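Heads up, the thing below is written out as structure tokens.
The values are calculated or read from the model by the stated rules, or taken from the named source; none is laboratory data. Keep in mind the model is a prediction, meaning the values are calculated, not measured. Quick reminder, even Gly has a Cβ in these numbers, built from the backbone with ideal geometry, and neighbours come from all protein chains shown.
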Amino acid sequence: MSILKSLAKETAIYGLSYSLVRVLNFVLLTPFLAILFKGEKGFLAIHADVYLYIALGIAFLTWRMETAYFRFIKEETHQKTIFIHASQLVWISCFIFLILVYFLNEKINDILLFPNLKSHILVAAWIIVFDVICSLPFAKMRYEGKAKKYALLKVSSVILNLVFVFLLLYFLPKYDIKYEAVKASGSSVLYAVLVANLAASFFSFIMLFNEWKSIFSLSNKWKGFSKILQYTIPLIVVTAAYTLNQFGSTSFLKYLLPGTAAENFLHSADFNAAFRLAVIMSIFVTAFNYAVEPFFFRYQKEADAKHKYAQISVYFTIACCIILMGTSLFSEFAALMFPKNYRGSMHLLTLLLLSNYFIGLSSNFSTWYKLTDRTWASAWISIFSLLLTFILSMILIPRYGVDASAWILLISNIFIAVASYIQGKKHYPIDYPLSRIILYLLIALTIVYFLPRIYDYLSFNVLMKSSINMLIIIFFGYSCFKYEETKWIAQYSNKF
């Protein structure tokens, strides 16, 4: 159990501090924006769309050098130069990117069907640049085990972001009438949110000065760097495809629904609200992935490494089942975070939670491509999943509307998980206990599906339902973890 406790600790420190921005957005910022956008609720979808492109920009401009750093830092050839050369490549890429955005600003706005958000695009571009530049110093901290410093910077940046948002959109307009215009329209609210984000990103950039200033202190040939690029380029494809698959629903809807772009943004706002509630699963998955990547590399040469990876997948599934049941069974309370006119797609919440689980499971099943340097194999899986998403979107969205997006996302993520598992059995076989994984998931889904119907039949009140829900979730979690500890782990630990 010590290995799992170690991973749980790293998930808590690194993953949750990284995900804190999403937690606070979920608890504080999202409901606040939903209220401000209430009169123009389509801007909630536009907000999501803008941040999709920010995520894509970060995916491309980082060149996935964080993963490359974890992979090559132990090799003598790259040990002293990987951070410097990777950072230099990132800085050069960011400079070229900014020039292109400034020259093509109006064209970008037209292609993305935005309602004159050219100034917003420029702010978003700077957010991308500062976040990209900070990515490698943060990765270096993770590898070197500087947990306290890492967490402090991440948390400080998140708090600063929230302070600026509420300062610009609540306190200043409340106490000084000349700032009322800041929240007068959806466009100005969105601009204020982006400016606040930029301030927080710039703060991280300044605070990491001692980390990134070293990239200018060494000048030598980039010998062997092509090997690193061969490793990371497929990962860029993986990340871009993942980002489009997971967060591209609003963009697909704005192009494929029958109305104008403004009408389509409006129609997809309810779906976007349900999607944001499902982020509770995504937060855990992100935290887990963020902690587990260096963990996998650190333990890959140990004799029982594959056993540990298999262990992790089961515990990950149990944790996700608890989140799935908790969120779905208490969805009526979660929906209160949004005004009533945003709740039209709450029936999709369980599907969206399940989708996020499968993308996390695929990360467990995908250790093989990073550990065996077969990154192109994973890239092809991502490309096929993205093609599947495009094809299903073009067929189903015009016919079935917004609800089709949730089913498309689930199908795509199941495909990624299954394909990753099949390829992993070929290149890096791990004895995952699929029967238990499937069993726990089916139990959780059965509870989520039938329990509310039993409540309705028996006419239970809210207090009774909530009490039973909590007892069932606690019993499920305790029973599953206890069974794994006493049976499954004991069975396999005898081998080592």
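Looking at Ile228, is it surrounded by fewer than 19 Cβ atoms within 10 Å (Cβ to Cβ) and β-branched (Val, Ile, Thr)? So Ile228 does not fit the description; no.
Contact annotation: residue pairs with Cβ atoms under 8 Å, 6 or more positions apart or on different chains, pairing a residue in the range 427-449 that is surrounded by fewer than 18 Cβ atoms within 10 Å (Cβ to Cβ) with a partner that is part of a helix (DSSP H, G or I) and basic (Lys, Arg), are Pro429/Lys306; Asp431/Lys306. Considering every residue within the range 202-218, establish whether at least one is among the hydroxyl-bearing types (Ser, Thr, Tyr), surrounded by fewer than 21 Cβ atoms within 10 Å (Cβ to Cβ) and either touching a strand residue (DSSP E or B) at 6+ places or on another chain (Cβ under 8 Å) or not in a helix (DSSP H, G or I) (or both). Taking every residue of the range 202-218 in turn, at least one turns out to be among the hydroxyl-bearing types (Ser, Thr, Tyr), surrounded by fewer than 21 Cβ atoms within 10 Å (Cβ to Cβ) and either touching a strand residue (DSSP E or B) at 6+ places or on another chain (Cβ under 8 Å) or not in a helix (DSSP H, G or I) (or both). Among what's in the range 53-108 and is polar (S, T, N, Q) and touching a residue at least 40 places away in the same chain (Cβ under 8 Å), pick the residue that is surrounded by the fewest Cβ atoms within 10 Å (Cβ to Cβ). If we take residues in the range 53-108 being polar (S, T, N, Q) and touching a residue at least 40 places away in the same chain (Cβ under 8 Å), then Thr77 is surrounded by the fewest Cβ atoms within 10 Å (Cβ to Cβ).
Considering each residue of the range 56-69 in turn, none proves to be in a helix (DSSP H, G or I), under 16 Å from Phe275 (Cβ atoms), within 20 Å of the chain's Cα centre (by Cα) and not hydroxyl-bearing (Ser, Thr, Tyr). Among residues of the range 456-471 that are farther than 13 Å from Met325 by Cα, none has a Cβ under 6 angstrom from a residue that is part of a helix (DSSP H, G or I) and small (Gly, Ala, Ser) at a sequence gap of 6+ or on a separate chain. Checked against (1) modelled with pLDDT of 95 or more; (2) crowded, with 16+ Cβ neighbours inside 10 Å, Met470 passes all but a single condition, namely (2). For the range 394-403, the criterion of being free of Cβ contacts under 8 Å to residues at least 12 places away in the same chain, over 28 Å from Lys74 (Cβ atoms) and of a type in the set (Phe, Trp, Tyr) is met by at least one residue.
Scan Tyr175, Tyr143, Tyr191, Tyr150 and give me the residue that is without any contact (Cβ under 8 Å) to a residue 24 or more places away in the chain and either closer than 26 Å to His85 by Cα or surrounded by fewer than 20 Cβ atoms within 10 Å (Cβ to Cβ) (or both).
After ruling out the rest, the residue left standing is Tyr175.
Residues that are at pLDDT 95 or above and not aliphatic (A, V, I, L, M): does the range 73-92 have at least one? Yes, the conditions are met somewhere in the range 73-92. Across the range 382-394, the number of residues qualifying as closer than 13 Å to Tyr255 by Cα and of a type outside the set (S, T, N, Q) comes to 2. The helices (runs of 4 or more DSSP H) located wholly in the range 302-375 that include 2 or more residues which are closer than 21 Å to Asp456 by Cβ and in contact (Cβ under 8 Å) with a residue 60 or more places away in the chain occupy 305-329, 349-365. Here the condition is being of a type outside the set (Phe, Trp, Tyr), in contact with a helix residue (DSSP H, G or I) (Cβ under 6 Å, 6 or more places away or on another chain), at pLDDT 90 or above and within 21 Å of Ala139 (Cα to Cα); of Thr243, Thr286, it holds for Thr243 alone.
Scan the helices (runs of 4 or more DSSP H) fully inside the range 381-496 and keep the ones with 2 or more residues being in contact with a Leu (Cβ under 9 Å, 6 or more places away or on another chain) and within 23 Å of Phe330 (Cα to Cα). Qualifying helices (runs of 4 or more DSSP H): 403-427, 434-458, 462-483.
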